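Below is one structure, written out as structure tokens; comments come after it.
Readers should treat all values here as calculations from the given coordinates under stated rules, not as data from a laboratory. Quantities reported herein were computed from a predicted structural model and do not represent experimental measurements. Cβ: placed from backbone, ideal geometry, glycine included. Neighbour counts: every protein chain shown.
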Amino acid sequence: MFNVWAGSPNSPWLTSLRLVASAVLVPIKSFDLAKGRLAEAVPEAERAKLARTMAATVLAASKSLSTWVICGDPDVAAFAVKRGANVIWREPRGLNHAATEGVEVLQREGFDRAIVCHADLPLATDLTWLADSTGVVVVPDRRNDGSNVLCLPTNAGFCFGYGPGSAAAHRVEADRLGLRFQLAPNQELGWDVDLPEDLIALRSSQPWLPTYQACEATP
């Protein structure tokens, strides 16, 4: 799908208005196995519900962009199809492999750029402003450590480095490939939910997030 991005007047990587084929790629593992680091604060069934709700929020934030979910779980695949997303079926081998394989599929499908987005962003409302960015753009988490959203050319041969310090690792990889790198903090996309304190910090603005005594006790 071709999309025109007008961009923000303050966006430093906006060079010109042009048509570009961009797609959103969302890796999603089994909802039943999601958010293991919340286990002490949130029961398993509620963690699955939380993961499903956040993933639906992210898919909705893709708006008119072509959206692709890479997964190896039938429940996730059905969830994605129900919400109008395309499914890339891959056996789970970790986030880095999923991103690599998903971007390769998008390139074969004719997309110039991939917007790789985590599925656990409860405040996500809009990903379309990234559709005509250039080079490598990372929207970091609120700690400026992780890469909640990573936008890049599909033909770059990019080696993903998700995990602790991934924003810095992705900057190094962009430099290796000679690609312009842009760190683009965003208040909505910067919020992910990995730890109980993330739930505490978000609860006042997001009442649908689960609340438990164990979570309250987290410093």
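Observations
- Descending semi-axes in Å of segment 71-148, equivalent ellipsoid built from Cα gyration tensor: 21, 16, 14
- A cut-off under 12 angstrom between Cβ atoms defines the neighbours of residue 169, and their net charge, with Lys, Arg +1 and Asp, Glu -1, is -1.
- Cut-off 11 Å between beta-carbons: net charge of the residues surrounding residue 147, Lys and Arg +1, Asp and Glu -1: -3
- Nearest-20 debye value, segment 18-216 charge dipole, Cβ charges on Lys, Arg, Asp, Glu: 400 debye
- Scattering curve values for segment 18-216, log₁₀ I(q)/I(0), Debye with Cα scatterers, q = 0.09, 0.15 Å⁻¹: -0.31, -0.88
- Counted by Cβ distance under 11 Å from residue 186, the other residues give a net charge of -2, where Lys and Arg count +1 and Asp and Glu count -1.
- Cβ crowding within 10 Å, taken as a proxy for footprinting-reagent exposure, orders 70, 200 from fewest neighbours to most as 200, 70.
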